[in-house]
1. Being assigned to a helix (DSSP H, G or I), in contact (Cβ under 8 Å) with a residue 12 or more places away in the chain and open to solvent by 10 Å² or more (accessible area, probe 1.4 Å) narrows it down to one of Glu144, Glu125, so name that one.
2. Counting only residues that are assigned to a loop (DSSP other than H, G, I, E, B) and touching a Ser or Thr at 6+ places or on another chain (Cβ under 8 Å), which one in region 157-166 is most open to solvent (accessible area, probe 1.4 Å)?
3. Identify, please: which residue in region 70-101 is open to solvent by less than 20 Å² (accessible area, probe 1.4 Å), in contact with a Phe, Trp or Tyr (Cβ under 7 Å, 6 or more places away or on another chain) and not aliphatic (A, V, I, L, M) and is, among those, nearest to Pro140 (Cα to Cα)?
4. Within region 134-176, how many residues turn out to be more than 12 Å from the chain's Cα centre (by Cα) and hydrophobic (A, V, I, L, M, F, W, C)?
5. If Arg117 satisfies all but one of (1) out of contact with any Cys (no Cβ under 9 Å at 6 or more places or on another chain); (2) surrounded by fewer than 21 Cβ atoms within 10 Å (Cβ to Cβ), what's the number of the condition it fails?
6. Cβ contacts < 7 Å: first residue on the phi > 0 side of the Ramachandran plot and modelled with pLDDT of 95 or more, restricted to region 44-59; second residue among the charged types (D, E, K, R) and surrounded by fewer than 21 Cβ atoms within 10 Å (Cβ to Cβ), any location; separation 6+ or different chain. Result?
7. For region 167-215, what are the residues that are open to solvent by less than 70 Å² (accessible area, probe 1.4 Å), farther than 17 Å from Pro60 by Cα and assigned to a loop (DSSP other than H, G, I, E, B)?
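The values are calculated or read from the model by the stated rules, or taken from the named source; none is laboratory data. Source: prediction; values computed, not measured. Note: ideal-geometry Cβ built from the backbone for every residue, glycine included; neighbour counts use all protein chains shown. In case anyone asks, the SASA skips ligands and DNA or RNA and just uses the protein heavy atoms, side chains included. Shrake-Rupley method; radii C 1.70, N 1.55, O 1.52, S 1.80 Å.
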Amino acid sequence: FVVCGTWWTNRDIMRHFGVPSSKIAVIPRSSTMARALVTAEEEERLAVEAKLPPRFMYYPAMTFPHKNHLRLIEAMARLRDREDLNLSLVCTGRPYKPFHPELVQAVKRYGLEKRVRFLGKVSEELLTVCYRRAAFVVFPSLLEGHSQSLLESLYHHKPIIAAQQSSVPETVGQAGAFFDATDVDAIAAALRKPWIDNCYLAELAAKTEGSFDRY
């Protein structure tokens, strides 16, 4: 049983078709994005034009409901209100029009207009800059195949703080830290340490070494 593409993983095939793992060969796609050659001068220009914060966590995903932006935004508000910890978030990816306005309203409701930026679909150059400049990648998606965004994160050796749901742990492997993405408090707890502890971030980044080579 051979599968090419992004949506199917070994566990999916075993669960849906009853095929033993010994008879499965999954050929995942590799990342072809976020590899633009960007000079230091161009990087600075793009960062200024996009108004990237000096320090931010990064979530590259379309704004589908299952991408779980809402819980992520609420977790940021809880960290601010309970611990006076003000995180900044940059999101890229095409807006999903039926749902995106709800995210905009949530940002306003929680008073996070200065802390959350939705850049929409961006150039490969700006995408590359976002990965380069992010303190870490946060990935709370509830449903995922073989994620292009996670592959890009591994390629750029970015620390990954991600959902334990779906195939996310299978893609990330040992190169990330995981949380229950259905629990806002769990998301908040998972974000706290990487935001305040640079040594922890360095440890996570070191775990990404060689991880992309699997793909």
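1. On the way: Glu144 fails: assigned to a helix (DSSP H, G or I).
Unique residue meeting the criteria: Glu125.
2. Applying the first criterion (assigned to a loop (DSSP other than H, G, I, E, B)) to region 157-166 yields 157-159, 164-166.
In the following step, the residues that additionally are touching a Ser or Thr at 6+ places or on another chain (Cβ under 8 Å) were identified as 157-159, 165-166.
Values: His157: 75, Lys158: 27, Pro159: 7, Gln165: 36, Ser166: 44 Å².
Ranking the qualifying residues of region 157-166, first place goes to His157.
3. Cys91
4. Qualifying residue count, region 134-176: 2.
5. Evaluating Arg117 over (1) out of contact with any Cys (no Cβ under 9 Å at 6 or more places or on another chain); (2) surrounded by fewer than 21 Cβ atoms within 10 Å (Cβ to Cβ) leaves (1) as the failure.
6. Going by the 7 Å Cβ cut-off, the qualifying pairs are Lys51/Arg117.
7. The answer is Gly173, Ala175, Asp180, Asp183, Asp197, Thr208, Gly210, Ser211, Tyr215.
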